[in-house]
Amino acid sequence: MRVSIVIPVFNEEKYIGKCLESLINQEEKPSEIIVVDNNCTDKTTEISQKFGAKIVKEEKQGMIYARNAGFDNAKYEILGRIDADSILPHDWISKVKENFKDQSVVALSGPAYFRHKISYLASIILFEVLSFFLKHNALFGPNIALRKSTWEKIRKNVCLEDKYVHEDIDLAIHLSKEGKIKFDNTLIVKVSRFRFKEMFTEYIVRFIKMLFSHRKIILQT
């Protein structure tokens, strides 16, 4: 089982180095690392190349366009999708592979923390709430893995406009039609303060809007 890591980026020179360092220090190495350049004007891609990442360019601006370009260009069976500020524990890929031994699992996610590791409990509570409303497990953008084969099935159905949806929740809604989404409480990543703060403010507001815009799909679950 091989893992492709996809990292969408837009001017992330402040974070990308530590993220990539956490990847190359994995006890089980990723088979490829794809950094999707979504019109960066800083040194993000230059730093990424120093770590041996493959650079994919996506000129259409937006997280979803960048993510999709990364998924489409990935070669291997499992797609890891993280953010430029995600710092992964050394056993992240090992745990991902272990979870996907269960053939019913089509996607995987886990919690995150900022500064103090105990804060990951807050993200678990949040995603328990989100999953209750969705009627299936949610996904958290900085900490996702999914099967390439399942991505190819739903590729044409995902929403494309960031301003209307949470790309990770939209992805979860469509993936849920194909199999089991697992939320592993031990698959924990570290994120920046900005990301953690955003998760409890703007994130919730847009989620409520998504419940209404996706209500027909959710009711089919």
Net charge near Ile34: determine it from the other residues with C-beta under 12 Å of the C-beta of Ile34, scoring Lys and Arg +1 and Asp and Glu -1. +1
Once ligands and nucleic acids are excluded and a 1.4 Å probe is used, how much of Ile125 is accessible, expressed in Å² to the nearest 10? 110
Would you mind getting the accessible area per residue of region 66-128, heavy atoms of the protein chains only, 1.4 Å probe, in Å²? 39
First select every other residue whose beta carbon is under 10 angstrom from the beta carbon of Cys159; then total the charges, Lys and Arg +1, Asp and Glu -1. -4
Three principal axis lengths of region 78-129 [C-alpha, angstrom, descending]: 32, 26, 17
Between Ile24 and Ala122, 0.36 nm times their residue separation minus their Cα-Cα distance comes to what? 32.4 nm
Expressed to one decimal in nm², the mean projection of the alpha carbon convex hull of region 1-149 is 9.0
Expected unfolding gain across Ser94-Gln61 under the 0.36 nm per residue rule, minus the alpha-carbon gap, is 8.6 nm
Work out, step by step, the length gained on full extension between Lys14 and Glu178: first 0.36 nm times the residue separation, then minus their alpha carbon distance; give nm to one decimal. 55.4 nm
Show me the GluC sites (Glu not before Pro) within region 30-84 that DSSP assigns to loop and that have at most 16 other Cβ atoms within 10 Å of their Cβ. Glu59, Glu77
Taking the Cβ of Ile93 as the center, what net charge do the other residues with Cβ under 11 Å away carry, scoring Lys and Arg +1 and Asp and Glu -1? 0
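The values are calculated or read from the model by the stated rules, or taken from the named source; none is laboratory data. Values in this document were obtained by computation on a predicted structure and should not be read as measured data. Methodologically, a virtual Cβ is constructed for each residue, glycine included, from the backbone with ideal geometry; neighbour enumeration extends over all protein chains shown. Calculation scope for accessible area: heavy atoms of the full protein, side chains included, ligands and nucleic acids excluded. Shrake-Rupley method; radii C 1.70, N 1.55, O 1.52, S 1.80 Å.
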